[in-house]
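The values are calculated or read from the model by the stated rules, or taken from the named source; none is laboratory data. Keep in mind that what you see is a predicted model, and the values were worked out from it rather than measured. Heads up: the accessible areas ignore ligands, DNA and RNA and are worked out on the full protein's heavy atoms, side chains in. Shrake-Rupley method; radii C 1.70, N 1.55, O 1.52, S 1.80 Å.
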Amino acid sequence: NFLVGKLKDKILHPEDKFRIGLRESKEEGRWLWVDRSLLNKSLSFWYGTEPDNWTEENKAGEDCARMGIKEGAGVLKCWFDRSCYFPHKSVCEKAAGTGPSSSVCV
C-alpha cells in the first residue's frame, strides 16, 4: 500500500513500471529480494501468468520484477518479470531522515 501511494501518480504509460528489488536467482522460479531473502509466494502480486520468463527480447529471459499497471487491470498491485538488461525506473530504500535523494528513487 505504501508503494501504491507513492507510485500511482508516476505511472502514466503502460511501460511505466518500477523495479522493486526482487530478482530471480540462478535457479529458475526462485525469487530473492535485494537482502537475499526468499520471496514469500503467499505475499506476491504476480499478474496473470507472470512470471513468464519471456525470451523474445532477450534469450536469457526475464529475471527482474517490476510493479505497475497492466493495461485494463485498473490496479497498481501487479508484478511483471522483465529482462534486467533493459533500463527501468526503480524503487530505492534509504534510511529515514536522510533528506532528499539526488537519484530517481521514489
Amide H partners (placed H, <5 Å) of Arg19, local residues excluded: Met67, Lys89, Ser90, Val91
- prompt: Given a 1.4 Å probe and the protein chains all in place, what does the accessible area of Phe45 round to, in Å² to the nearest 10?
  reply: 90 Å²
message: Suppose the chain between Val4 and Phe45 were pulled fully straight at 0.36 nm per residue; how much longer would it get relative to their current alpha carbon spacing?
response: 13.5 nm
